[in-house]
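Shown next, in structure tokens, is the structure this report addresses.
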Amino acid sequence: MSGGGLGEAADDAYARRLEAVVAGHRGEAAVAERLLSDSAAAVRAAALGALARCGELQVAQVRRALGDEAAAVRCRAAELAPVEVELVGLLSDPDASVVEAAAAALGERDRDPRPVEELCQVARGHDDPLCRESAVAALGAIAAGLDADAGPDAAQAMALEVLLAAMEDRPQIRRRALLGLHQFDNDRAVDAVRAALEDRDRQVRAVAGELLGVPVH
């Protein structure tokens with residue numbers, strides 16, 4: 001009996017999630033807003049996306065969702081957050097998927113050096129390699145967007161040191177770091193990209209070769 005009840009509850013949640021998705025495509029913001037308070041996390045996350053698709057997602061709704069008990073909802077809120085919503089606090093979230101999503105979202109705000117220090121902390125020391133990879137990618141994106149007037153030299157210097165250190169991490173993180181290092185007009189960064197032509201990982205070598213315009217084997 002209990003198993004049947006659980007199955008029915010799951011079916012009901014799926015139906016409500018589908019309702020939220022359809023509401024987004026139909027522009028039914030009122031339906032999506034009602035589902036923001038649903039008991040199922042997947043429905044709440046879908047409702048956020050539906051409101052965004054309708055062009056009706058409010059800053060206050062995003063901020064509330066960033067404090068949701070469900071990691072999936074916090075992730076979706078981070079992905080959808082406008083620039084005026086602070087995301088740096090999520091870099092210390094206990095759920096790695098939220099940290100990864102927040103780092104990725106911060107990287108898309110590529111002319112804002114303010115989260116560099118916190119991203120460096122994630123890139124240096126987070127236990128989850130996907131979080132480190134996301135933070136390294138974000139640092140590279142931010143470095144690419146900075147110029148003499150866009151932010152303090154300290155942010156660039158900090159990002160550079162962390163990207164150089166990331167060249168000792170896992171292959172997928174080294175590949176991300178290379179893309180960031182290539183943005184720097186700096187001898188150490190250039191040397192690191194050239195050195196990657198001899199990296200033990202073939203894909204890392206391929207990225208370095210593509211950046212430098214030279215064939216690799």
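Quick notes
- One residue alone among V116, V22 is of a type outside the set (S, T, Y), open to solvent by less than 60 Å² (accessible area, probe 1.4 Å) and closer than 30 Å to G145 by Cβ, and that residue is V116.
- Residue count for segment 51-63 under the criterion of being in contact (Cβ under 8 Å) with a residue 12 or more places away in the chain and either under 17 Å from A105 (Cβ atoms) or among the aliphatic types (A, V, I, L, M) (or both): the result is 7.
- Segment 20-38: number of residues that are assigned to a loop (DSSP other than H, G, I, E, B) and either more than 27 Å from P94 (Cβ to Cβ) or modelled with pLDDT under 95 (or both): 2
- Enumeration of residues in segment 191-217 that are in a helix (DSSP H, G or I) and either at pLDDT below 95 or within 23 Å of the chain's Cα centre (by Cα) (or both): Q203, V204, V207
- The set of residues from segment 41-86 being open to solvent by 30 Å² or more (accessible area, probe 1.4 Å), within 18 Å of A30 (Cα to Cα) and of a type in the set (D, E, K, R) comprises R53, E56, R64.
- Some residue of segment 124-131 being open to solvent by less than 50 Å² (accessible area, probe 1.4 Å), closer than 23 Å to L164 by Cβ, in contact (Cβ under 8 Å) with a residue 40 or more places away in the chain and under 16 Å from the mean Cα position of the chain (by Cα): yes
- Scanning segment 25-40 for residues that are open to solvent by less than 30 Å² (accessible area, probe 1.4 Å) and closer than 26 Å to E86 by Cβ gives A29, A32, L35, D38.
- Any hit, segment 95-110, residues being modelled with pLDDT under 95, out of contact with any Lys or Arg (no Cβ under 7 Å at 6 or more places or on another chain) and open to solvent by less than 30 Å² (accessible area, probe 1.4 Å): yes
- Failed item, numbered, when D169 is tested on (1) in a loop (DSSP other than H, G, I, E, B); (2) more than 26 Å from A105 (Cβ to Cβ); (3) of a type in the set (D, E, K, R): (2)
- Scope segment 187-217; condition more than 22 Å from R132 (Cβ to Cβ), open to solvent by 40 Å² or more (accessible area, probe 1.4 Å) and of a type outside the set (K, R); matching residues: D187, V190, D191, L197, E198, E210, L212, G213, V214, P215, V216, H217
- Listed by first and then second residue, the pairs linking a residue in segment 93-110 that is closer than 13 Å to A135 by Cα to a residue that is among the aromatic types (F, W, Y), with Cβ atoms under 7 Å apart and 6 or more places separating them unless they lie on different chains, form an empty list.
The values are calculated or read from the model by the stated rules, or taken from the named source; none is laboratory data. The shown structure was predicted, so the numbers you read here are calculated from the model rather than taken from an experiment. Because the Cβ atoms are built from the backbone with ideal geometry, glycine has one as well, and the counts that use them run over all protein chains shown. The area values use the complete protein model at the heavy-atom level, side chains included, leaving out ligands, DNA and RNA. Shrake-Rupley method; radii C 1.70, N 1.55, O 1.52, S 1.80 Å.
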